[in-house]
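The values are calculated or read from the model by the stated rules, or taken from the named source; none is laboratory data. Quick caveat, the model's predicted, so the values are computed rather than measured. Cβ placement follows ideal geometry from the backbone for every residue including glycine, while neighbour counts extend to all protein chains displayed. Heads up: the accessible areas ignore ligands, DNA and RNA and are worked out on the full protein's heavy atoms, side chains in. Shrake-Rupley method; radii C 1.70, N 1.55, O 1.52, S 1.80 Å.
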Amino acid sequence: MASNTMLSLASTSASPLLSLQDTLKTKLKLTSSNHTSFLGKGKSVPFTNTKSFGRITMAVAVKVSRFESITMAPPDPILGVSEAFRADTNEMKLNLGVGAYRTEELQPYVLNVVKKAENLMLERGENKEYLPIEGLAAFNKVTAELLFGADNPVIQQQRVATVQGLSGTGSLRLAAALIERYFPGAKVLISSPTWGNHKNIFNDAGVPWSEYRYYDPKTVGLDFDGMISDIKAAPEGSFVLLHGCAHNPTGIDPTPEQWEIIADVIQEKNLIPFFDVAYQGFASGSLDADASSVRLFAARGMELLVAQSYSKNLGLYAERIGAINVICSTAEAATR
């Protein structure tokens, strides 16, 4: 009985099996037609593969990431040194990759002043309310005072606009955005060599840059003549990125007399000084001495940018604390 039924179904043109096959074919054709009309004639569907199973053709969805074209970023050369340090088994090894406070056990050292400040914050029980877009007002006030001195005329005359940033990198990125928006086409001069992130930050912001000579391998010192020559050749209106102290990566800073000459040239050529201050107090042990280069330019009445970071000098690596300061000629400009 069953065999006769099977034979009957197989020999009948209107059998359920053939009807099912025809229905599948029709649906698949409609699907293919819809894809074609949606994409345009001659275009294929990027997210489907067609597979054939005998007389039945089925469309199988394939997940292709929209981010397929994104390439892997190159490894960070500084962090690469730290990775090599961790992999080294020599007991006498030293990590020279990152300038950081460390204990004898090579663990990050938390400064006593930082612990005291954290305890004060806990005692006050400060809440987590949203901050203004420019950041914590109390922080912005004291970070500018630490940089310039509380009694500095630029502070007293309210000519400093300060915005909290994500450490040095975030603060520099804000400055780069400012340059790209309000000084289109202006070039930034950076030292050769410099901190690796400087070039990446300006590239990502679409700000052109060039290098000025800085390190002289013959003397293992500052190529001051080359530096001055290159700054003099810069187009008017260019920004000159200067390391306020503890130049990264050379550790070589201009003398006070050389800073005066650098300020002379920048002022004469109508250039805009742009300081990166990541080590205030860390270089000499004196907050005032390490800020003297920035204060020199401010004392001359020059408008300038200063990016700050507290990762190194206070050991706040994970906190991402920094600021960008814009010193203006008037309080009205600073407010805007």
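Using a probe of 1.4 angstrom, how much of the accessible area of the range 153-205 is carbon and sulfur, in percent?
50 percent
So for each of 112-125, 244-257 I average, over its residues, the number of other beta carbons within 10 Å; can you give me the resulting order with the highest mean first?
Details: 112-125: 9.8, 244-257: 17.3.
The packing order, highest mean first, is 244-257, 112-125.
On the accessible surface of the range 80-128, probed at 1.4 Å, how many percent belong to carbon and sulfur atoms?
54 percent
Going 7 Å from the Cα of Thr335 toward and past its Cβ, which residues in the range 154-176 have a backbone nitrogen under 16 Å from where you end up?
156-162
Hey, how many Å between the Cα centroid of the range 126-186 and the Cα centroid of the range 278-336?
9 Å
Can you give the convex hull volume of the alpha carbon atoms of the range 59-158 per residue, in Å³? Working shown, then result.
On the way: hull volume 32.5 nm³, N = 100.
In the range 59-158, the Cα convex hull volume per residue is 325 Å³.
Give me the accessible area per residue for the range 223-336, probe 1.4 Å, as a whole number in Å². Don't skip to the answer; put the middle values down first.
Details: 4560 Å² over 114 residues.
Computed with neighbouring chains in place, this is 40 Å² per residue.
Any idea what the dipole of the range 189-311 comes to, in debye rounded to 20, about its Cα centre with Lys/Arg Cβ at +1 and Asp/Glu Cβ at -1?
On the way: 7 positive and 16 negative charges, 34 e Å.
The calculation lands at about 160 debye.
If you plug each phi of the range 321-331 into the Karplus form 6.51 cos²θ - 1.76 cosθ + 1.60 with θ = phi - 60°, what whole-Hz ³J(HN,Hα) values come out, in order, with x for Gly and Pro?
Result, ordered by residue: 9, x, 7, 10, 10, 10, 8, 10, 7, 9, 5 Hz.
Per residue, how much accessible area does the range 85-154 have with a 1.4 Å probe, in Å²?
Each residue of the range 85-154 exposes 82 Å² on average to a 1.4 Å probe.
Ignoring ligands, DNA and RNA, what percent of the 1.4 Å accessible area of the range 207-336 is carbon and sulfur?
About 52 percent, which is the carbon plus sulfur part of the accessible surface.
Tell me, in nm to one decimal, what length is gained between Ala299 and Ile133 on full extension, where the rule is 0.36 nm per residue of separation less the Cα-Cα distance?
56.8 nm
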